Number of protein chains: 2
Amino acid sequence: MSQPVYARMAVIGCGLIGSSVIRAARAAGAAGAVAVADASEAHRARIAELGYADAVTADPAEAVAGADLVVFAVPPMAMGDAARAAAPGVKAGATVTDVGSVKAAVAQALAANLPETCFIVPGHPIAGTEQSGPDAGFAELFQNRWTILTPQARTDAPYQAAVEGLTEFWTALGANVELMDDRHHDLVLAVTSHLPHLIAYNIVGTAADLEGVTQGEVMKYSAGGFRDFTRIAASDPTMWRDVFLTNKDAILEVLGRFTEDLQALSRAIRWAEGDKLFELFSRTREIRRGIIAAGQESAAPNFGRDLRTPETPDTKPQ
Amino acid sequence: MSQPVYARMAVIGCGLIGSSVIRAARAAGAAGAVAVADASEAHRARIAELGYADAVTADPAEAVAGADLVVFAVPPMAMGDAARAAAPGVKAGATVTDVGSVKAAVAQALAANLPETCFIVPGHPIAGTEQSGPDAGFAELFQNRWTILTPQARTDAPYQAAVEGLTEFWTALGANVELMDDRHHDLVLAVTSHLPHLIAYNIVGTAADLEGVTQGEVMKYSAGGFRDFTRIAASDPTMWRDVFLTNKDAILEVLGRFTEDLQALSRAIRWAEGDKLFELFSRTREIRRGIIAAGQESAAPNFGRDLRTPETPDTKPQ
């Protein structure tokens, strides 16, 4: 790329996603100067040490001053406060986006707190790991993943240009971009992300509390399936608390369906209806094949985690 | 190993686990001649092609003739029939084991159908992948995993020697061996394996059926968490149907706990009790750290599935 999509980028909040956006944008040459604001002193010190930002501050208004792109990368319920703090510094004509896992509530929080002269284009990269903090990010996180943008209902040319610019930015970072209505996003993600996290958190909690089985036994024999669930149940607690509280309606709706289906499955077990079980278990196999065919999953058994050789590092290079 | 633990081994059923036992025993020099019985003609042809057995037959009694170790590796509800078919060929003094995920029901099925002159030591290697069939097995599957043996309540020296021999065999295959009461095994595994599989099957089914969200969307945006669940929901349908039907009581018990906890979580979301959510989500993180510390899980983000380089094969070598 001969010229960055944005000459100046500001990132507010520099955890797993914020730091990955910076690293990926740097690697792709998609952003020029990068300023970071982070509320945590420890994070700021670490970001300065890692050296991937040109400026690090505690003040969002200072970080966004002069920025062509502002990326809010804080937990969903912190978006409103972060936007309010940044507002005095946001320049007219700047593109403002976020990376929150919930879109309708976040879009509202941004619009309520930012000047009308900027272009707000909420976004959500469907990518992540169970780790958090400024050390957790890496430049390849968005490669071949989807980023959903949920533009406002406005059709003026400058706003359309802002949407196109942000699409170009995410494409440069390796993502596939899709536009979507924010309510629909929140329902789709309730199924593909929020419910799975809720279930994982719940099952890990249930297992830890069960009398008759020790926590040591749970850990020792976890290779039978349980350990898969612990990965997503190790995700950032603050962010996930916020997701559940800000996408409450869609999550309770899909959770209701899940519970209904689970009752039916429970009844099939109680009454030894083997055919019903077999039919479901055969159907679910096909879904995984579809995800692998869609390039969103590794085809290797056990996610390939048994394939690592001594030469393959066990953790991401920092 | 200078001398095999068993001069002649027979394996009844040659899917993922059966074929892995053979490959691992061959690699470790833990078994001499290996005979296989499999009910599927396609499997038998493939086993002959792969060439890892000395003899392949459809008849369990023929396969077990003269064997010092007999390993039943068929789904739990097929164990009784397989044992009945093999019984005429089982030699006096042979050690007989299995690899079933449920122990009390399988132990009963084996004891009811085999001659009293053999030593039945039921077993369960806590290892596997979501794949199945004679091509899915590999020699390293049991490395650093646990194998639980659930010996009968008898204290005579010949039986103790059989338990010791089988422990030596599994240790040679790379496993850590633990002895346990079969009822306790079934409760522990209901938590660490059976419930996770049930939940995964259920959530994948719920997602596939949800109106308002297409199956294409579910697959496309699965990297948000859902794809993790599809791995175990791609496991062998026959085997898992059998697990749920033969360990019904323990599974319904832990499922009841899970549902109770899920209702409480649902209520906390509805009433916006953020502190309760945060407390649970912080606690579950620790469990994963314990599993990694216990050597039962990769510490790499996303199970390391993003770490693969072009030189790393995407599937197991056959």
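The values are calculated or read from the model by the stated rules, or taken from the named source; none is laboratory data. Everything quoted here is computed from the prediction, not taken from an experiment. As a convention, Cβ positions derive from the backbone with ideal geometry for all residues, glycine included, and neighbour counts pool all protein chains shown. All accessible areas refer to the heavy atoms of the entire protein, side chains included, with ligands and DNA or RNA removed. Shrake-Rupley method; radii C 1.70, N 1.55, O 1.52, S 1.80 Å.
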Using modelled backbone amide H atoms (1.01 Å from N, in-plane), which distant-in-sequence or interchain residues come within less than 5 Å of B:Val70's amide H?
B:Ala10, B:Thr95, B:Val96, B:Thr97
Residues of segment B:173-212 with backbone N under 20 Å of the label point set 7 Å from the Cα of B:Asn144 along Cα→Cβ are B:173-178
For A:Glu41, place a label point 7 Å out from Cα along the Cα→Cβ vector, do the same in each other copy, and report the separations in nm, one decimal, smallest first.
7.7
Shape of segment A:2-138 from its Cα gyration tensor (a ≥ b ≥ c, root eigenvalues): rounded if a/c is under 1.5, otherwise prolate when a/b > b/c, or oblate?
rounded
With just the Cα atoms of segment B:119-186, tell me how far they stretch along each of the three principal axes, in Å, largest first.
39, 25, 20
Classify segment B:231-274 as rounded, prolate or oblate from the Cα gyration tensor: take a ≥ b ≥ c as the square roots of its eigenvalues, call it rounded if a/c is under 1.5, otherwise prolate when a/b beats b/c and oblate if not.
oblate
If you average 1/r across every pair of different Cα atoms in segment B:63-206 and take the reciprocal, what Kirkwood value do you get, in Å?
15.9 Å
Counting Lys and Arg as +1 and Asp and Glu as -1, what is the net charge of the other residues whose Cβ lies under 12 Å from the Cβ of A:Pro60?
-3
In nm, what does the list of distances from A:Arg267 to its counterparts in the other copies look like, shortest first, when each label sits 7 Å along Cα to Cβ?
2.4
What residue among B:Gly93, B:Gly205, B:Gly80 shows peak mean-square fluctuation when chain B is described by a Gaussian network model with Cα springs under 10 Å?
B:Gly205
Given 37 °C, 0.692 mPa s and a Kirkwood radius over Cα pairs, the Stokes-Einstein diffusion coefficient of segment A:163-215 in µm²/s is 230 µm²/s
Quick one: with label points 7 Å out along Cα→Cβ, list the inter-copy distances for A:Asp54 in nm, shortest first?
7.4
Pop out the carbon and sulfur fraction of the accessible area of chain B as a percent, whole number, probe 1.4 Å.
51 percent
Is the shape of the protein assembly as shown best called rounded, prolate or oblate, per the rule: a/c under 1.5 gives rounded, else a/b larger than b/c gives prolate, else oblate, with a ≥ b ≥ c the square roots of the Cα gyration tensor eigenvalues?
prolate
Per-residue HN-Hα couplings for segment A:116-132, Karplus 6.51 cos²θ - 1.76 cosθ + 1.60 at θ = phi - 60°, whole Hz, x for Gly and Pro?
6, 7, 9, 9, 8, 10, x, x, 8, x, 7, 7, x, 9, 7, 9, 9
Can you work out which chain A residue has the shortest Cβ-to-axis distance for the rotation that carries A onto B, and give it in Å?
A:Phe303, 2
At 7 Å along the Cα-to-beta-carbon direction for both A:Glu164 and B:Asp81, put a label point, then send me their distance in nm to one decimal.
6.6 nm
Which residue fluctuates the most in chain A, going by a Gaussian network model with Cα springs under 10 Å, if the choices are A:Tyr159, A:Tyr52, A:Tyr221?
A:Tyr221
Which of the lysines could a cross-linker bridge to A:Lys103, judged by Cα under 22 Å and excluding same-chain residues fewer than eight apart?
A:Lys248, B:Lys220
